[in-house]
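The values are calculated or read from the model by the stated rules, or taken from the named source; none is laboratory data. Keep in mind that this is a model prediction, so the values were computed, not measured. Cβ placement follows ideal geometry from the backbone for every residue including glycine, while neighbour counts extend to all protein chains displayed.
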Amino acid sequence: FEQGRNELDINNALLENIVTKNKNLPDNAKIDLIISLITLKYTQSNSVCYVKDGQAIGIGAGQQSRVHCTRLAGSKADNWLLRQAPQVLNLQFADGIARANRDNAIDNYITENYMDVLREGEWQKFFKVKPDVFTAEEKRTWLDKQSGVSLGSDAFFPFFDNIDRAKKSGVSYIAEPGGSIRDEEVIARCDEYNMVMSFTGIRLFHH
C-alpha cells in the first residue's frame with residue numbers, strides 16, 4: 001500500500017458551513033483561516049495555527065493533546081501580540097545592537113525572565129534607557145484588548161477548554177473539521193464569546 005499525495009485544494013468553500021450564531025466572516029478573516037489551514041496541511045499533527053493579518057503568529061504541532069497544541073500555539077501568538085504593545089515598540093535599543101540580540105532582548109523583556117535584560121550591568125548592553133518593567137497586569141490588559149485573530153485546527157476540538165484558551169489570545173474566528181461528540185458544547189462556548197466558527201468537514205492529519 002502506498003499513500004497518495006495530499007492534493008486537497010484548500011479554498012473558501014471549506015469555510016461555508018458556519019455553525020455558530022455569529023455568521024459574520026469578513027474577507028480578511030477568510031484569508032487568515034485559509035492560511036491557517038494551508039499551514040496545518042504541512043504541519044505535524046496534532047496541530048493548530050493562529051493567524052493575524054495574513055501571517056501565522058503561533059503554531060502548536062506534534063502534541064498528543066489538542067489543548068496542549070492550543071496552549072503552545074497560543075503562547076507563541078501571545079508573544080507576537082505583546083511585541084505590538086507600546087511598551088515594546090517604544091524600547092530604545094543601544095546603538096549597533098545586532099538584530100538577534102535585539103530580538104532575544106524583547107523575548108526576555110516580555111516574559112518572566114525580564115530581569116535577565118533589566119538588571120544593573122545588563123540593561124546597558126541592550127538599551128539606551130532602562131525600560132520600566134512590563135508587568136503581568138499590563139500584559140494581560142493588552143492581550144485582553146486583542147481580537148480578530150483566526151485559529152485553524154487539523155482535527156476537531158474535543159472540549160471547549162480549547163475555545164477558552166483561544167479567547168485569551170484574541171481569537172474571533174475558528175475553522176475546524178467538526179465531528180466530536182461534544183461539538184454542541186464547543187459551539188455553545190464559541191457563541192458565549194460571539195466567535196464565528198466554520199466546520200470544514202476535512203481533517204488535515206499529517207504524520
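Structure summary
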{"quantity": "Total residues in the range 174-202, condition among the hydroxyl-bearing types (Ser, Thr, Tyr) and within 18 Å of the chain's Cα centre (by Cα)", "calculated": "2"}
{"quantity": "Test: Val51 is in the same structural domain as Arg165 (by TED's automatic domain parsing), touching a residue at least 40 places away in the same chain (Cβ under 8 Å), part of a helix (DSSP H, G or I) and not aromatic (Phe, Trp, Tyr)", "calculated": "no"}
{"quantity": "Residue that is nearest to Ile57 (Cα to Cα) [pool: residues in the range 12-42 that are hydrophobic (A, V, I, L, M, F, W, C) and in a loop (DSSP other than H, G, I, E, B)]", "calculated": "Leu25"}
{"quantity": "Candidate set: the range 13-55, residues that are small (Gly, Ala, Ser) and out of contact with any strand residue (DSSP E or B) (no Cβ under 9 Å at 6 or more places or on another chain); chosen: the one nearest to Val171 (Cα to Cα)", "calculated": "Gly54"}
{"quantity": "Gly74 being among the small types (Gly, Ala, Ser) and over 23 Å from the mean Cα position of the chain (by Cα)", "calculated": "no"}
{"quantity": "Among the candidates Val51, Val117, Val67, residue that is β-branched (Val, Ile, Thr) and under 17 Å from Lys145 (Cα atoms)", "calculated": "Val51"}
